[in-house]
1. Would you please list the contacts, defined by Cβ atoms under 7 Å and residues six or more apart or on different chains, that run from a residue in region 677-693 that is within 18 Å of Ala719 (Cα to Cα) to a residue that is among the acidic types (Asp, Glu)?
2. Looking at (1) assigned by TED's automatic domain parsing to the domain that holds Phe546; (2) modelled with pLDDT under 85, can you tell me which one Met626 breaks?
3. Which residue out of Arg208, Arg220, Arg195, Arg203 is without any contact (Cβ under 8 Å) to a residue 12 or more places away in the chain and not polar (S, T, N, Q)?
4. Being at pLDDT 70 or above and either in a helix (DSSP H, G or I) or in contact with a Gly (Cβ under 8 Å, 6 or more places away or on another chain) (or both) is the filter here; which residues of region 740-752 pass it?
5. Mind listing whichever residues of region 653-686 are hydroxyl-bearing (Ser, Thr, Tyr) and either at pLDDT 80 or above or touching a Ser or Thr at 6+ places or on another chain (Cβ under 9 Å) (or both)?
6. Are there helices (runs of 4 or more DSSP H) fully within region 274-377 with at least 2 residues that are farther than 23 Å from Arg255 by Cα? List them.
7. Looking only at region 276-331, count every residue that is buried (at least 18 other Cβ atoms within 10 Å of the Cβ), under 26 Å from Leu389 (Cβ atoms) and among the hydroxyl-bearing types (Ser, Thr, Tyr) and tell me the total.
8. Tell me, yes or no, whether region 366-387 has at least one residue that is under 25 Å from Phe293 (Cβ atoms) and surrounded by fewer than 21 Cβ atoms within 10 Å (Cβ to Cβ).
Amino acid sequence: MAEDVLQGCPDEKPPLREEVSTCLVNCLMQRFRVHGRVEDLRRIEELVLHDSARSIDNVHILGKLLITAFDWFRHQEFIDEAVKYSHLSVIAMSSTLKTRIPTPQDGIPEAEELEELTFAQAALQQLYNAEFAARYTQQSWWQEVLSPGSRMRPVNSWVEETSRLHDLGCAITKQFAVSPLRDNRQMSIALTVLRLAEQLAPRNSSQRWEYLFSLGTSHRVRHEIVQQPGWKDIKRAVELQSKAVEKLLVPNPRRIPALSSLACSLLQLAQASGDETQYYRAVDLLEHVADAFYGFIHDRLEGAILWASLLHSDTPFSFEDEQTQLQRALEGYKKAISLLARAVWIGLSTSSRLARLHSVPKTFASDAAACAIRLAELQSDPQRRQQYLGTAVELLDQGRAILWSQASQLHADLRLLSTRQPELAAELNGVAAELARTAFKDGNADSGNATADLAYKWDELVDRVRQLDGFHDFLRSTPFAALRQAAGPTTIIIVNVSEHRCDTIIIPSQGAVRLVPLPKLSKSQVDDNVQDIHSLLPSKDDRGEFETIAHDLWGDICQPVLAELREMGIVDQSPRSSGAAPHIRWCLTGRLAFLPIHAAGPRYQSRRKPGMLDWVTSSYISTLSMLLRAQQRREALQGQVPVPRVLAVCHSGGDERGRLPKAKEEVEILCSCLKPGAASVIMDNEARVDAVSDALKESNWVHFACHGTQNKTNPMDSALVLDDGRLPVSKLAEQNLKGEFAMLLACETAMGMPGLSDEAIHVAAGLHFAGFNSVGKYINIFSEKKEDGSPADALEAAQALRKALLFLRDKQKLSVRDWAPFMHFGL
């Protein structure tokens, strides 16, 4: 609405146009803060840069939002732009600011206060220095804004005045902390404007304490990075932040991030001075932050993560034996994972939830598991050892694929509840159906409020169910005793990659869980291999680098795992290059999920040195709970194999991605394996988004031969490319399908997002979540017709894929790079 009014405002009426423009910016600002959509941020920037109203107030708003965007997404460009706009908003303030430096209060000033006042007075000349300002005034637009004849109103409010100074100081501090190229003078400027903001604020105002705290944070950042002789900066940081915290009383929620930041400063002071009491005080503060009921969830989460990480790390101030300290760290990890689930509450927009997941350390769940694994090693009692290994599996399951896990609760089996409380079950099912349609969408403010209302209602109904006898654990986290049932007749192998250590946990169909440490594997090596493999994909000739990565995986992971599997009797003493091989389901954590474990093997496999393909049949899963739910859907069939209702979707392309000349041939091969008319085929210009979505509801086997794309900014927009647009993950996930098997002959359908690798947000996972128990990416699963006439079974997909890959490797003589991209996902 505001945008329509803005378009109707003539340029020659700047006051009215500026008012409307500011109104629109404020609307977009609120929507960005709720939904976290980068598109809204860029629209605000466009308005500020190109609108003739040229409101410097909007420049200030844009700077603040860019600081928020950086805190959420950690993109360097956001903080660089935040510094630019924040600096301009300060320069554009009335020059009368120069005459408003406060005088020392309460009589004779203390030496430190006098030093700060003198510094602030001298700093104004530096702040308004033309040379420094010129860095951001290259465009004629900005030159006009800053010219004496501009329409910018003077700033008379101390709140607005100090807010601009404070935002600039914070932005420069954050930029300095992350920038690869630093100028130490940046921190002098940051400290200048933060001192000035604090001095210009009234003595007892709440803003003053916030500014005082930020000033302390900047001192800590300078201590951490500049590393000047002595520890004056970090001592000053603790003094300032301690003073500020004293004024932030319970239950002020702003006290919580303040305590976390003070704890960080105390840790730095302990390290610099060797004073262990500062370390103990920091630990106590972080534990308080995690448990503070009055704090915002994301602030408590940050403190809990820091608390757990601190106790898990090596430090000269460890005041307990290793086992006791790790048990306390494990308590912190459990608290943090519980808070994480609340921080990404399903009532928030998908963009907001993804943004919050971005702020969590990428190996957080894996670090928690590594802590439990080390505790398992320290146990002499085999039962206690098994308990800690089970805890490690639980933490990985709860701390990964959180978006899918939350949404999967909307598809919960309510049959038992229906027999006890049919009306409550019906109401819960109705809310779930409505919420499922919005859980993966980002809409306007009204739709966002509607989603939040549905989520509140859902939480209320779930609480009512849990009050019933026998339903106390309804939709709670799945314990390990139930998770391990996901193995079924197969073996699950979890490969955990952490900064602390790397391990494999083997969960057999029966018997004790086994731990296989991987001393040769490191997180840095995995990260390097993922970076290498992504850079190799566009090239046709990788000079054997892909094979080198497969060889590293073989030696670092597969060989020790196979040795343990042989000892357990799960695999034979010699490989099987023909016939069925033991079925292994891999659950890979972190960025390891981007590497082809199923294709690992020694160099020169063409010379018939056996690799993983010869020993086992491999499938991939995101979490055990997702696999368990797929199995439960399968068990509901009571042993009956559904007759395939096959849908083939073919779109040959033709846009900038190029045509797919073999797509139609693939569909023809598929149809030749079926009885005439057994498959529904949607070809080229008929392959439209709505038509395909509707057809999916009537099919339990689907074959996609089309382009695919992975959106690295918003993974929920990753999609299959059809004739009239894209069929994104978000649209796939909102459907409650009854599928058995999906073949994805499309690029980028299982790539995921490197920054959120543990969330497994890609087309394959979307189809698996929507109801397709098995998702394969390979050539012709129907190559063998059944002699007994029984219908094709999706559970045979993994074995069929292995046969196809052996054929490609041994008969077609393809290199590992050519057949490694084909994989099986799910049951």
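1. Qualifying pairs under 7 Å: Asp684/Asp723; Asn685/Asp723; Ala687/Asp723; Arg688/Asp723; Arg688/Asp724; Val689/Asp724.
2. (1)
3. After ruling out the rest, the residue left standing is Arg208.
4. Answer for region 740-752, where residues must be at pLDDT 70 or above and either in a helix (DSSP H, G or I) or in contact with a Gly (Cβ under 8 Å, 6 or more places away or on another chain) (or both): Phe741, Ala742, Met743, Leu744.
5. Answer for region 653-686, where residues must be hydroxyl-bearing (Ser, Thr, Tyr) and either at pLDDT 80 or above or touching a Ser or Thr at 6+ places or on another chain (Cβ under 9 Å) (or both): just Ser680.
6. Once the helices (runs of 4 or more DSSP H) in region 274-377 are filtered for at least 2 residues that are farther than 23 Å from Arg255 by Cα, what remains is 322-343, 350-358, 364-377.
7. Number satisfying all stated conditions: 1.
8. no
The values are calculated or read from the model by the stated rules, or taken from the named source; none is laboratory data. Treat the numbers as computed from the prediction; the structure is a model and nothing was measured. We place every Cβ from the backbone using ideal geometry, glycine too, and count neighbours over all the protein chains shown.
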